[in-house]
1. For the peptides 180-186, 8-14, what is the packing order when you average, over each peptide's residues, the other Cβ atoms within 10 Å and list the highest mean first?
2. If the limit is 31 Å between Cα atoms, which of K37/K160; K109/K196; K37/K172; K65/K94; K94/K196 go over it?
3. Rounded to the nearest 20 Debye, what is the dipole magnitude of the stretch 95-146 about its Cα centre when Lys and Arg each give +1 and Asp and Glu each give -1 at the C-beta?
4. Quick one: if the Förster radius is 51 Å, what FRET efficiency do S73 and D32 give, using the C-beta to C-beta distance and rounding to 0.05?
5. Using a simple charge model, +1 on the beta-carbon of Lys and Arg, -1 on the beta-carbon of Asp and Glu, nothing else, what dipole does the chain show about its Cα centre, in debye to the nearest 20?
6. Out of residues 5 or more away from S74 or on other chains, whose amide H comes under 5 Å of its own, with H placed 1.01 Å from N in the peptide plane?
7. Once the chain is represented by equal point scatterers at the alpha-carbon sites, with solvent omitted, what log10 I(q)/I(0) does the Debye formula produce at q = 0.11 Å⁻¹?
8. Based on the alpha-carbon gyration tensor of the stretch 1-145 and its eigenvalue square roots a ≥ b ≥ c, which shape applies: rounded if a/c is under 1.5, prolate if not and a/b is larger than b/c, or oblate?
Amino acid sequence: PRLSSSELSKLPVPLPHLDEQRRIAAILDQADSIRTKQGRLLHVLESLPMAVYRAWFGSAIDTRKLGDVVATSSGGTPSRSVSSYYGGSIPWVKSGELHQGVIWDTEEKITPEGLHNSAACILPRGTVVMAMYGATAGVVARLGIPAATNQAICTFSPQKEIKEEFLMWTLKAKSTEILSRRAGGAQPNLSQNKIKSLDIPVPELHIQEAFGEMVAALLEQASLARAAVRKGDDLFASLQTRAFKGEL
């Protein structure tokens, strides 16, 4: 479908007095300015955890192999040909869902029967996970709920020397190096062995805990800022609607 300039020129538009136009524009400009500042604040808050990580641990000299401080595994996919394996209550994570950052729900759920007849297993809340294949390879997230995963996801079970929060941000900070370890054809993949050979800093536990507390505080502020951005967007849309209905 097309819209011709002649048809567009026939469209009736409100045409208030110039002073009224200026008044409306000033209100919308102010609302848009506030919304822009809220967006900038959110961007800063979202980038601070990684900035803190790099400031604290970016130049670490003492490192360990990732495989020395975590155990890795992968999940499984119940047979699609057995309908009774799906539609249950067990959250089942696919790699495309890791972009959420924290997994609170899943598109698909499996049944206990599907779980027991596949390589999938239920992982505890807080487990760090990473996509291994294709376009999502290297994406890191954390389970906000107990859940199972498919085989395209690597799961990490830290030993006593490392905290899950610190591990997640370490994997995020190492994303470029991790992606450089992909191998394969058009869509290169990662392997658990290549991930486990990664050198990572492992500071003392009290330092990891202090970092985790700081990150939690920053993320809480980012959550508040995100809510403010949503409210700002809603307010701006409402003001626009009211303005062009002559109700502002």
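1. On the way: 180-186: 11.0, 8-14: 7.1.
Those peptides, ordered most packed to least, come out 180-186, 8-14.
2. Values: K37/K160 42 Å; K109/K196 29 Å; K37/K172 27 Å; K65/K94 27 Å; K94/K196 21 Å.
In this structure, K37/K160 lie more than 31 Å apart at Cα.
3. Values: 3 positive and 5 negative charges, 45 e Å.
That gives the stretch 95-146 a dipole magnitude of about 220 debye.
4. 0.55
5. Numbers: 28 positive and 25 negative charges, 102 e Å.
I would put it at about 500 debye.
6. The list, which skips near neighbours in sequence, is T155.
7. With no solvent term, the Cα-only Debye profile gives -0.75.
8. It comes out oblate by the Cα gyration axes.
The values are calculated or read from the model by the stated rules, or taken from the named source; none is laboratory data. Bear in mind that the values here come from a model prediction, so they are computed numbers and not experimental data. Counting neighbours? That spans all protein chains shown, and the Cβs are built from the backbone with ideal geometry, glycine included. Heavy atoms of the whole protein, side chains included, go into the accessibility calculation; ligands, DNA and RNA do not. Shrake-Rupley method; radii C 1.70, N 1.55, O 1.52, S 1.80 Å.
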